[in-house]
């Protein structure tokens, strides 16, 4: 088992989200599970700007998980 936290989780999500039409079922499942965690933990504004916040090295999840 691998545990991802904060920026690592966002990094994987952004990578999977980029080409989600090309994901196989296992990859799509991981993307959807991460997305669920993000949607439950972040505000709408944070979700909408998650890529920009990631580029600015902002840990949007911080202590929310």
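The values are calculated or read from the model by the stated rules, or taken from the named source; none is laboratory data. These numbers were taken from a predicted model, which means no experiment stands behind them. For neighbour counting, all protein chains shown are included, and Cβ atoms are generated from backbone atoms with ideal geometry for every residue, glycine included.
Observations on the structure shown:
- Conditions (1) in a helix (DSSP H, G or I); (2) without any contact (Cβ under 8 Å) to a residue 24 or more places away in the chain; number of the one not met by residue 58: (1)
- The lone exception for residue 59 - which of (1) closer than 17 Å to residue 4 by Cα; (2) under 13 Å from the mean Cα position of the chain (by Cα); (3) loosely packed, with under 10 Cβ neighbours inside 10 Å it fails: (3)
- Filter result for residue 7 (exposed (fewer than 14 other Cβ atoms within 10 Å of the Cβ), modelled with pLDDT under 95 and either assigned to a loop (DSSP other than H, G, I, E, B) or touching a helix residue (DSSP H, G or I) at 6+ places or on another chain (Cβ under 9 Å) (or both)): no
- Some residue of segment 15-23 being part of a loop (DSSP other than H, G, I, E, B), over 9 Å from the mean Cα position of the chain (by Cα) and exposed (fewer than 14 other Cβ atoms within 10 Å of the Cβ): yes
- From the list 51, 40, 45, the one residue that fits, being loosely packed, with under 15 Cβ neighbours inside 10 Å, part of a helix (DSSP H, G or I) and touching a residue at least 12 places away in the same chain (Cβ under 8 Å), is 51.
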